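Here is the structure we will look at, set down as structure tokens.
The values are calculated or read from the model by the stated rules, or taken from the named source; none is laboratory data. No experiment lies behind these values; they were computed from the predicted model shown. For neighbour counting, all protein chains shown are included, and Cβ atoms are generated from backbone atoms with ideal geometry for every residue, glycine included.
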Amino acid sequence: MKVLIILNDPPYGTERSFNGLRLAKALSSKDAEVSVFLMADAVACAKAGQKVPQGYYNLELMVKSVSRQGEVLLCGTCMDARGLSDEEIIEGARRGTMAELAERTLAADRTLVF
């Protein structure tokens, strides 16, 4: 089964992106083919070098984990609007386009939006 998960919320301040990535990891372990597309403030989830308080979840590590088993794309327009360069994102994630999002949406058996 192909699953597309679209995240919109920032990495911290709400738990929507955290929960979306938790689901992506769980689905990957169930042999689902998972693609995650980060849009709007969610592009910051893939920023390298995140420092969080001890005991707090780290979305950088979660995105890295998902990218090892699936695909993580970031909206290029959203990256540009937030001043996030390709060099600042973690290895395993990459800049994407709306055309790629459209392709993955049409190919997905399920599309979930957080």
Exercise. If you check every pair at least six apart or on different chains, which have Cβ atoms under 7 Å apart with a residue in the range 86-97 that is in contact (Cβ under 8 Å) with a residue 24 or more places away in the chain and under 14 Å from Gly76 (Cβ atoms) first and a residue that is buried (at least 19 other Cβ atoms within 10 Å of the Cβ) and aliphatic (A, V, I, L, M) second?
Worked result: Ile89/Ala46; Ile89/Leu74; Ala93/Ala46; Ala93/Val63; Ala93/Val72; Ala93/Leu74; Gly96/Leu73; Gly96/Leu74
For this session: Scan the range 58-98 residue by residue and report those that are within 20 Å of Val34 (Cβ to Cβ) and aliphatic (A, V, I, L, M).
Result: Leu59, Leu61, Met62, Val63, Val66, Val72, Leu73, Leu74, Ile89, Ile90, Ala93, Met98
Exercise. Since Ser28 meets every condition but one in (1) surrounded by fewer than 16 Cβ atoms within 10 Å (Cβ to Cβ); (2) within 23 Å of Met1 (Cβ to Cβ); (3) modelled with pLDDT under 95, which condition does it not meet?
Worked result: (1)
Exercise. Is it fair to say Leu112 is assigned to a strand (DSSP E or B) and surrounded by 14 or more Cβ atoms within 10 Å (Cβ to Cβ)?
Worked result: yes
Exercise. When only residues in the range 41-56 that are among the aliphatic types (A, V, I, L, M) and within 15 Å of the chain's Cα centre (by Cα) count, which is surrounded by the fewest Cβ atoms within 10 Å (Cβ to Cβ)?
Worked result: Ala48
